[in-house]
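Peer 1: Please read through the structure below; I'll follow up with questions.
The values are calculated or read from the model by the stated rules, or taken from the named source; none is laboratory data. These numbers were taken from a predicted model, which means no experiment stands behind them. Heads up, the Cβs are rebuilt from the backbone with ideal geometry, glycines too, and the neighbour counts pull from every protein chain shown. Just the protein is used for accessible areas: all its heavy atoms, side chains included, with ligands, DNA and RNA removed. Shrake-Rupley method; radii C 1.70, N 1.55, O 1.52, S 1.80 Å.
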Amino acid sequence: MICAISGEAPEEPVVSKKSGLLFERRLIERHIADYGKCPVTGEQLTMDDIVAVKTNKAVKPRPLQAASIPGLLGMFQNEWDALMLSNFALEQQLHTARQELSHALYQHDAACRVIARLKKERDEARGLLAQAERQIPISSSVAAVANASVVSNGKRGAEDEDLGPGGKRIRPGISADIIAELTDCNAMLSGQRKKRQIPPTLAPVDALERYTQLSSHPLHKTSKPGILSTDIHPSKDVIATGGVDANAVLFDRLSGQILSTLTGHTKKVTSVKFVPRDELFVTGSGDKTVRLWQGSENGNYICRHVLKDHTAEVQAVSIHATNNYFVTASLDNTWCFYDLSSGLCLTQVGEPSGDEGYTSAAFHPDGLILGTGTSESLVRIWDVKTQSNVAKFDGHAGPVTAISFSENGYFLATAAHDGVKLWDLRKLRNFRSFTPYDSSTPTNAVEFDHSGSYLAIAGSDVRVYQVANVKVEWNCIKTLPDLSGTGKMNCVKFGPDAKYMAVGSMDRNLRIFGMPGGGTEES
């Protein structure tokens, strides 16, 4: 019996009632399911027309090759030959794959070398661009707004400079309109301060006592570590840092991402300050320049002005309460009062000579008083309207590294090599001193929080004091250890409502301290 479809003996034979032909069951079932016809006669056919044929089970005869020992040996030889051919093909494929992998690795290495070369060329181009920016004059429209001669990156061109006796540059001065603006701002802020109360959202003392490090962020270069200054935007959770690597970095605390790295300075960035309006940002540097940056919609910052009015390292920048003016202090023994819109130096106070230089500066919260610290341990208080020195505080040892006015307008905190001194501005006297560190450890920073409720001191660690009054003791409520291992913490800043603190030290990391589990990002 032979299947009419396969031509072989069927394992499960069936026969068609209509044609009498014999089929293999599985073959005819599939054919009927597909076509519904007999594969030989073409007649209509269903499974009802198929009848199974009962036969005895038959054993299939062995192939001829397996019927004898020589045949079996031949079969084994053929299988061995096929296995060897398959193994040879696999070896050929492996060799080809190795060649392709070697070629891909060579291409990857070449691409890495090209990328490194392009990065080097990019950095060189940025350096040349920064150098060109310091030499290219700004547009005449900006100078026209400032009612001044053509300015070259914030500095008058040599051919157009108005020089007075002794070659001293003549400045336009602080006009009567500007003085009126400063006076109005002072009257408004003074009136508001008398009615102001401590905000209910301010972090309480027991919260500060539990502050610990929440995160650490490597923002600056490993080759030149060190964060020298920091500032926090008053309305955004953005922290700025200035580093030894000559870069300023803007960092989003909530996302933990760097928003922008500002390059252009050629030496360390000693001071960074946000201007609350118009996305403006100011940096001072050891390269004797001040840069005014303008934020754009895409988050990048463009350098609008490079100000070159100082002849020595710029140590401090302070923004006036109007957000229209700012002051810079330098080791050349002068401080400059600038217009933010034009970048024009309206007045430069002091003599750019001598051994004494300014190492710190800050505006009083009301804006009519300026405090400066010198390298000769003196603290000078200035009347901004007349640019006259109205008071001097001495008693420190070493340069005055930082000064900070309390929000109530009554207290001034100054830091130097010998610690921190608190001054009563109403009686012009020192009413308390802190010596938190030994004689070989200077105090690098001092900072009141915005409410005037807490005072932070930075040296070999950070210590937070609860602000009291002249007669009551100021208690140290928290000591934050130096986790950088450098033994030198350079700057400290309170976040809004003192909910966290930003600290910079001589490594490349910005550290955030706050309440554990308070919703702050993890590092």
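Peer 1: Which numbered condition trips up SER223, out of (1) free of Cβ contacts under 8 Å to residues at least 40 places away in the same chain; (2) touching a Ser or Thr at 6+ places or on another chain (Cβ under 6 Å); (3) among the polar types (S, T, N, Q)?
Peer 2: Of (1) free of Cβ contacts under 8 Å to residues at least 40 places away in the same chain; (2) touching a Ser or Thr at 6+ places or on another chain (Cβ under 6 Å); (3) among the polar types (S, T, N, Q), only one is false for SER223: (2).
Peer 1: Further question on the same structure: Looking only at the stretch 391-404, filter to residues that are within 14 Å of ARG380 (Cβ to Cβ) and under 34 Å from the mean Cα position of the chain (by Cα); which one of those is most open to solvent (accessible area, probe 1.4 Å)?
Peer 2: Applying the filter and picking the extreme gives PRO399.
Peer 1: Given the conditions (1) open to solvent by 20 Å² or more (accessible area, probe 1.4 Å); (2) among the polar types (S, T, N, Q); (3) out of contact with any Leu (no Cβ under 8 Å at 6 or more places or on another chain), which single one is not true for SER375?
Peer 2: Of (1) open to solvent by 20 Å² or more (accessible area, probe 1.4 Å); (2) among the polar types (S, T, N, Q); (3) out of contact with any Leu (no Cβ under 8 Å at 6 or more places or on another chain), only one is false for SER375: (3).
Peer 1: Does the stretch 429-451 hold any residues that are assigned to a loop (DSSP other than H, G, I, E, B) and surrounded by fewer than 23 Cβ atoms within 10 Å (Cβ to Cβ), and which are they?
Peer 2: Listed by number, the residues that qualify are THR435, PRO436, TYR437, ASP438, SER439, SER440, THR441, PRO442, HIS450, SER451.
Peer 1: State all residues of the stretch 11-21 that are open to solvent by 70 Å² or more (accessible area, probe 1.4 Å) and either touching a residue at least 60 places away in the same chain (Cβ under 8 Å) or more than 12 Å from MET1 (Cα to Cα) (or both); if no residue qualifies, say none.
Peer 2: Matches in the stretch 11-21: LYS17, LYS18.
Peer 1: Could you check HIS265 against (1) in a loop (DSSP other than H, G, I, E, B); (2) closer than 15 Å to ASP497 by Cβ and say which number it fails?
Peer 2: For HIS265, the exception is condition (2).
Peer 1: Looking only at the stretch 319-362, how many residues end up being part of a strand (DSSP E or B) and open to solvent by 10 Å² or more (accessible area, probe 1.4 Å)?
Peer 2: The qualifying residues number 11.
Peer 1: If you don't mind, there's one more thing I want to ask. Of all residues in the stretch 22-80, count the ones that are modelled with pLDDT of 90 or more, over 20 Å from MET1 (Cβ atoms) and hydroxyl-bearing (Ser, Thr, Tyr).
Peer 2: Residues that pass the stated criteria total 2.
Peer 1: Something else about it: If GLU279 satisfies all but one of (1) in contact (Cβ under 8 Å) with a residue 24 or more places away in the chain; (2) farther than 18 Å from VAL503 by Cα, what's the number of the condition it fails?
Peer 2: Condition (1) is where GLU279 drops out.
Peer 1: Restricting attention to the stretch 216-229, and to residues there that are crowded, with 18+ Cβ neighbours inside 10 Å and within 12 Å of the chain's Cα centre (by Cα), which single residue is nearest to GLY256 (Cα to Cα)?
Peer 2: HIS217
Peer 1: For residues in the stretch 189-215 being in contact with a Lys or Arg (Cβ under 6 Å, 6 or more places away or on another chain) and part of a helix (DSSP H, G or I), which is most open to solvent (accessible area, probe 1.4 Å)?
Peer 2: GLU209
Peer 1: Quick check: anything in the stretch 452-463 touching a helix residue (DSSP H, G or I) at 6+ places or on another chain (Cβ under 6 Å), under 23 Å from ALA361 (Cβ atoms) and part of a strand (DSSP E or B)?
Peer 2: yes
Peer 1: Whether any residue in the stretch 484-497 is within 17 Å of the chain's Cα centre (by Cα), open to solvent by 20 Å² or more (accessible area, probe 1.4 Å), touching a residue at least 12 places away in the same chain (Cβ under 8 Å) and under 26 Å from THR222 (Cα atoms) is what I want to check.
Peer 2: yes
Peer 1: ARG304: outside any strand (DSSP E or B), open to solvent by 10 Å² or more (accessible area, probe 1.4 Å) and closer than 30 Å to THR183 by Cα, yes or no?
Peer 2: no
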